[in-house]
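Have a look at the structure below before the remarks.
Please treat every number below as a calculation from the coordinates, not as lab data. As the structure is a prediction and not an experimental result, all values here were calculated from the model. Don't worry about glycine lacking a Cβ; one is built from the backbone with ideal geometry, like all the others, and counts go over all protein chains shown.
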Amino acid sequence: MQAYEAIFQTISMRSFSSIWYWLVVIGLWMWTAQRVLGVPLDLIMHVHRHPEDDRAARDLNDLLRVNARRMGKTPGVLNVGVAAFLLSAIVALAVAGLETAQAVACIAVPMAAVVLLRMRLARRVLGMGTIAATKALIWHRMFVQMIAMVSIFSTAVWGMFRNLGLAVLN
């Protein structure tokens, strides 16, 4: 019986007190900040530091062209509608007090902002030169990191508030 309880304590459905939730939050934000429009960070920084390296600049431009065209396409009305409906439903359930919806909203709302910024960058970067595109990618990554920091901090504060509130009630 103790092993059974230990397993269900580890894989808790109470999101904010679960180690798995926090691993997903941290992993998702790390993964999001590691690639900007599908271009690895080390390539962006190499081209930024060594603009004379034609091969690296060509690689960056190729990756950027392919990924920016793919991400910069106008999303269909149906895709935007479904995404807006799902995000609205998650936020509505979170406001209603469902802890799992609150945990998902703490991830989904800032991630939606990142997706919108990414789509905007994809459209802007296609007409830029290599140096300007590199600077735009670096600025975008800094904005994503700021969103991540605020998101993780606010999620942690809300999770602590939620867990302390539940501890007081019990």
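The angle between the Cα long axis of helix 54-72 and the longest principal axis of the Cα atoms of the chain comes to about 50 degrees, rounded to the nearest 10. Site-free segments of the chain were taken between trypsin sites (Lys or Arg not before Pro) in DSSP loops having at most 16 other Cβ atoms within 10 Å, sites themselves excluded; the longest one is 74-170.
Remark: 104, 82, 115 ranked as 82, 115, 104, counting other beta-carbon atoms within 10 Å and listing the fewest first.
Dipole check for segment 41-162: with +1 at the C-beta of Lys and Arg, -1 at the C-beta of Asp and Glu, and the Cα centre as origin, the magnitude is about 360 Debye.
Using just its DSSP H runs of length 4 or more, each adding -39500 (n - 2.57), the chain gives a mean residue ellipticity at 222 nm of -28000 deg cm²/dmol after division by all residues. Selection among 153, 83, 33 by position relative to the dipole of segment 23-170 gives 83 as farthest towards the positive end (Cβ unit charges, Cα centre). Scalar couplings 3J(HN,Hα) for segment 148-165, obtained by applying the Karplus form with A = 6.51, B = -1.76, C = 1.60 to θ = phi - 60°, are 4, 4, 5, 5, 5, 4, 5, 5, 5, 5, 5, x, 5, 4, 5, 5, 5, x Hz; x denotes Gly and Pro. Just checking the listed ones, 122, 96, 113: in the Gaussian network model of the chain with Cα springs under 10 Å, the one fluctuating most is 96. Once you reduce segment 49-70 and segment 85-164 to the center of their Cα atoms, the two points are 26 Å from each other. Among (i) -0.35, -0.43, -0.98, -1.11; (ii) -0.27, -0.34, -1.01, -1.17; (iii) -0.31, -0.39, -0.93, -1.06, which is the computed log10 I(q)/I(0) by the Debye sum over Cα atoms at q = 0.08, 0.09, 0.16, 0.18 Å⁻¹? Among (i) -0.35, -0.43, -0.98, -1.11; (ii) -0.27, -0.34, -1.01, -1.17; (iii) -0.31, -0.39, -0.93, -1.06, the one derived from this structure is (i).
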